[in-house]
Amino acid sequence: MECQPRPCARCGEDIPAERVDALPETRVCVRCSKEMGGEFVVLVSAERTSKEGSLKKNYGGYSTRKVRKPIKPRGEE
Ligand SMILES: [Zn+2]
């Protein structure tokens with residue numbers, strides 16, 4: 001698949017094709033990603049394996065979820 005530059009969701013400048021190629025999910029350019037402290041946050045939540053109120057310890061694992069940070073136009077943060 002050929003990657004095309006696309007406009008940054010934050011500042012409107014083109015995201016270079018190389019970045020789109022390396023990070024197909026990205027919606028912001030390198031500079032904005034840095035300014036935002038990263039485009040994604042990883043949420044970790046414990047998996048619930050026992051019933052509510054149970055005294056049994058929860059030995060369940062953890063699940064991680066990668067979510068996109070809300071993107072606000074530059075200058076409105
Ligand atoms: Zn940008």
Next item on the list: For residues that are under 17 Å from residue 67 (Cα atoms) and exposed (fewer than 14 other Cβ atoms within 10 Å of the Cβ), scanning just region 1-38, find the one that is nearest to the ligand (Cβ to nearest atom).
Entry: 34
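Matching residues to (1) in a strand (DSSP E or B); (2) touching a helix residue (DSSP H, G or I) at 6+ places or on another chain (Cβ under 6 Å); (3) at pLDDT 85 or above:
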residue	(1), (2), (3)
2	no, no, no
9	no, no, yes
37	no, no, yes
41	yes, no, yes
45	yes, no, yes
56	no, no, no
63	yes, no, yes
77	no, no, no
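The values are calculated or read from the model by the stated rules, or taken from the named source; none is laboratory data. Fair warning: this is a prediction, and the values are worked out from it, not measured in the lab. Don't worry about glycine lacking a Cβ; one is built from the backbone with ideal geometry, like all the others, and counts go over all protein chains shown.
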